[in-house]
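Take a look at the structure below.
The values are calculated or read from the model by the stated rules, or taken from the named source; none is laboratory data. Since this is a predicted model, take the numbers as computed values, not measurements. When we count neighbours, we look across all protein chains shown, and the Cβ atoms used for this are built from the backbone with ideal geometry, even at glycine. Surface accessibility is based on the protein's heavy atoms, side chains included, excluding ligands, DNA and RNA. Shrake-Rupley method; radii C 1.70, N 1.55, O 1.52, S 1.80 Å.
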Amino acid sequence: MITLSAYVIVAIVLFGIGTIGVLISRNLIILFMSVELMLNAANLTLIAFSRAMNVLDGHVFVFLVLTIAAAEAAVGLAMVITLFRNRETINIDRYDLLKW
Amino acid sequence: MDITSATIDLSIIYPELALLVASFVIFVMPFFRGPTRFAPFIAFAGLLAAAIFAAGQWGSQQSGFFGMVSCDNFGVAFKHIFILTSAIALFMGYRYLVVKGINRPEYYGLLLIATVGMMVMANSTDLVVIFLGLEVMSVPLYIMAGMARRSLESNEAGIKYFIMGAFASAFLLMGIAFVFGAAGTTDLRRIVADFNFIMSNAQPFMLTGVGLLVVGFGFKIAAVPFHSWVPDVYQGAPTPVTAFFSVGPKAAGFAALLRVFAFGFADVTIMVTVFQMLAILTMTVGNIFALRQNNVKRLLAYSSIAHAGYVLVAVVAGGSEGLAAAVFYLVAYALFNLGGFAVVVLMETRSGCKSDFSELAGLARVHPYLSAILALFMFALAGFPPTVGFFGKFYIFAAAVKAGYIPLAVVGVMNSFLSVYYYLRVVKTSYFDETDKEFAPVKYTPAVVLVLTVTVIGTLGLGLFPQQLVEFSRAALFAFL
């Protein structure tokens with residue numbers, strides 16, 4: 001039997017990896033994946049709590065979050081493609097026209 | 001819950017539906033050759049219909065969709081703010097987009113969808129629906145920031161906004177997950193009802209969740225230290241979009257923040273300290289960085305950060321007076337900030353204008369009226385009487401003093417004195433700076449003139465007779481606390 005706290009700890013670790021990834025990665029695609037990892041950490045938390053409390057709300061919420069993540073990914077990847085066409089790089093350190 | 005017997009009352013989301021219908025019509029247009037030029041008119045018709053529906057909802061306290069959407073005065077007041085902002089952004093974009101070669105009907109459609117998202121955010125007491133509204137608002141805004149596909153600055157603004165926005169959403173979502181874990185529900189009303197029970201049983205989860213929510217909302221309202229994306233995005237995005245960013249999402253963020261923290265988690269005592277720190281940091285950092293900007297859009301970006309700080313002071317003050325001051329200031333800020341941006345939009349419709357400070361030189365000689373209007377908005381932003389900016393700040397600081405946060409009010413007042421320097425620098429440049437270059441005349445268009453008229457009348461009229469707006473703000477809080 002895997003306890004609730006185990007799931008929550010895994011989710012927190014995933015969230016932490018995602019956060020660190022966003023903060024230190026210089027590659028847009030990896031950055032993007034890190035954000036998705038953070039969203040999925042939140043999904044895992046929701047499902048774990050939902051299962052532990054025997055309510056369905058969390059499960060339904062996860063479906064909404066998945067949809068939103070898909071919409072975000074569509075927009076984000078389109079932007080990455082536009083940027084790559086114009087600048088021929090996906091290293092975010094090179095996007096320095098506007099001072100970060 | 002028996003689904004069949006529960007009737008879903010669509011009338012409480014009529015304003016949102018009106019905007020959605022209009023935006024869908026606009027999105028279908030590009031498939032046909034001719035009608036795309038009608039897009040702005042359809043968008044305006046949608047906004048008008050939404051405004052009429054929203055006005056009809058004023059005073060009715062209902063909730064529907066199993067308590068997930070609530071339609072109280074607070075939400076309806078914010079609906080009006082969003083509709084106004086959206087209409088002004090629409091008028092500003094009308095010629096600007098043509099001049100910049102990005103006149104696509106999608107601008108108007110996305111504008112309406114973003115407005116729907118904001119309305120949903122402001123009209124819910126359920127964390128899930130607030131999150132959905134936030135995403136419905138954010139995703140179109142990412143596209144709008146990067147809308148000028150050939151402009152490298154716009155691309156960069158879009159991707160930066162996207163990354164920071166998605167990052168913030170993840171924090172917000174994690175926060176909601178933890179609150180859900182602690183409370184077993186995402187409905188703020190049920191959380192309020194069981195608050196003591198939740199705190200005694202699952203305090204660590206609750207506090208973690210609330211902390212993550214603060215980070216998520218902090219990004220959306222651009223509070224320091226979560227503000228790093230603001231100047232870049234504001235500078236790079238097309239100017240009408242920037243104008244929309246600086247008011248709409250910020251007001252929506254504050255609406256949701258008030259719902260969550262002034263209503264839902266009002267009893268988490270540590271929040272007052274946290275918001276106090278945020279307010280002081282936001283005001284001070286925003287103003288200090290604004291001092292040395294040489295681009296008008298970037299200056300307005302830092303100034304918008306500082307203004308978020310003033311509103312946070314009102315949030316800290318709390319109570320009916322503090323929250324009324326927050327609503328008042330958001331309306332006032334919408335008027336004079338959009339007005340300021342309208343002048344920048346006019347300047348930028350000339351070729352090659354990047355809205356650097358040096359390009360303002362000589363404005364007063366060629367366009368005495370326009371530079372007087374610009375000066376009026378700068379005075380309003382700085383908080384001079386008789387503009388509405390003065391009364392708004394006065395109301396906020398008075399509420400803070402009355403609630404006993406005297407040091408906070410003192411920091412706020414000192415900050416508004418500091419801000420006078422850079423606002424007056426804009427005025428000084430347009431009136432007194434000499435330039436060798438010929439000042440290319442600005443071409444007025446009816447749409448922008450209308451925007452300027454509305455914002456000037458609002459800024460001066462509400463400054464002289466603020467009573468109406470004070471009553472509106474107080475009524476907005478009816479049955480909210």
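In table form, for the structure just shown:
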read-out: Accessible-area composition of region B:188-335, carbon plus sulfur, in percent [1.4 Å probe]; value: 63 percent
read-out: Sulfur and carbon atoms: percent of accessible area, region A:4-94 [1.4 Å]; value: 71 percent
read-out: Average Cα contact separation per residue, region B:260-399, under 8 Å, 6 or more apart, as relative contact order %; value: 24 percent
read-out: Area of B:TYR421 that stays accessible when all protein chains are in place (1.4 Å probe, Å², to 10); value: 130 Å²
read-out: Number of partner chain Cβ atoms within 10 Å, mean per residue of B:341-348; value: 0
read-out: Alpha-carbon centroid distance for the pair region B:163-184 / region A:78-100, whole angstrom; value: 28 Å
read-out: Helical mean residue ellipticity (222 nm; -39500 (n - 2.57) per DSSP H run of 4+; nearest 500) of chain B; value: -25000 deg cm²/dmol
read-out: Links that overshoot a 26 Å alpha carbon limit, given the list A:LYS99/B:LYS250; B:LYS297/B:LYS437; B:LYS100/B:LYS428; B:LYS160/B:LYS354; B:LYS79/B:LYS220; B:LYS100/B:LYS297; value: B:LYS100/B:LYS428
read-out: Area of B:HIS227 that stays accessible when all protein chains are in place (1.4 Å probe, Å², to 10); value: 30 Å²
read-out: P(r), alpha carbons of region B:3-52 - 5 Å bins starting at zero, rounded %; value: 5, 21, 22, 16, 13, 9, 8, 4, 3, 0
read-out: Neighbouring partner chain Cβ atoms per residue of A:16-25, average, 10 Å criterion; value: 1
read-out: Tail weight of P(r) past 35 Å, computed on alpha-carbon pairs of chain B, percent; value: 27 percent
read-out: Aspartates and glutamates whose Cα lies under 14 Å from that of B:LYS443, excluding same-chain neighbours fewer than 8 positions away; value: B:GLU348
read-out: Region B:318-449: relative contact order as a whole-number percent, Cα under 8 Å and 6+ apart; value: 37 percent
read-out: Where GluC sites (Glu not before Pro) in DSSP loops with at most 13 other Cβ within 10 Å are excluded, longest remaining stretch of chain B; value: B:1-433
read-out: Value of relative contact order over chain B, rounded to a whole percent, pairs C-alpha under 8 Å and six or more apart; value: 15 percent
read-out: Fraction of accessible area attributable to carbon and sulfur, region B:71-186 (%, probe 1.4 Å); value: 62 percent
read-out: Candidate aspartates and glutamates - alpha carbon under 19 Å from B:LYS393, same-chain residues fewer than 8 apart omitted; value: B:GLU321, B:GLU471
read-out: Total accessible area lost when A and B pair, probe 1.4 Å, Å² to nearest 100; value: 3700 Å²
read-out: Peptide A:33-39 - average C-beta neighbours from other chains (10 Å radius); value: 4
read-out: Sites matching trypsin sites (Lys or Arg not before Pro) across region A:1-87 that sit in DSSP coil, with at most 13 neighbouring C-beta atoms within 10 Å; value: A:ARG26
read-out: Exposure of B:MET68 as accessible area (Å², to 10), given a probe of 1.4 Å and all protein chains; value: 80 Å²
read-out: Accessible surface ranking that places the most exposed of B:TYR405, B:TYR96 first, with a 1.4 angstrom probe; value: B:TYR405, B:TYR96
read-out: Alpha-carbon centroid distance for the pair region B:393-417 / region B:323-359, whole angstrom; value: 25 Å
read-out: Volume in Å³ per residue [convex hull over Cα atoms, computed for region B:270-481]; value: 113 Å³
read-out: Shielded residues, region B:200-248 - accessible-area loss of 40 Å² or more between chain alone and all protein chains, probe 1.4 Å; value: B:PHE205, B:ASP232
read-out: Dipole in debye (nearest 20) - region B:270-481, about Cα centre, beta carbon charges: Lys, Arg +1; Asp, Glu -1; value: 100 debye
read-out: Per residue value of the accessible surface for the protein assembly as shown (all protein chains in place, 1.4 Å probe), Å²; value: 39 Å²
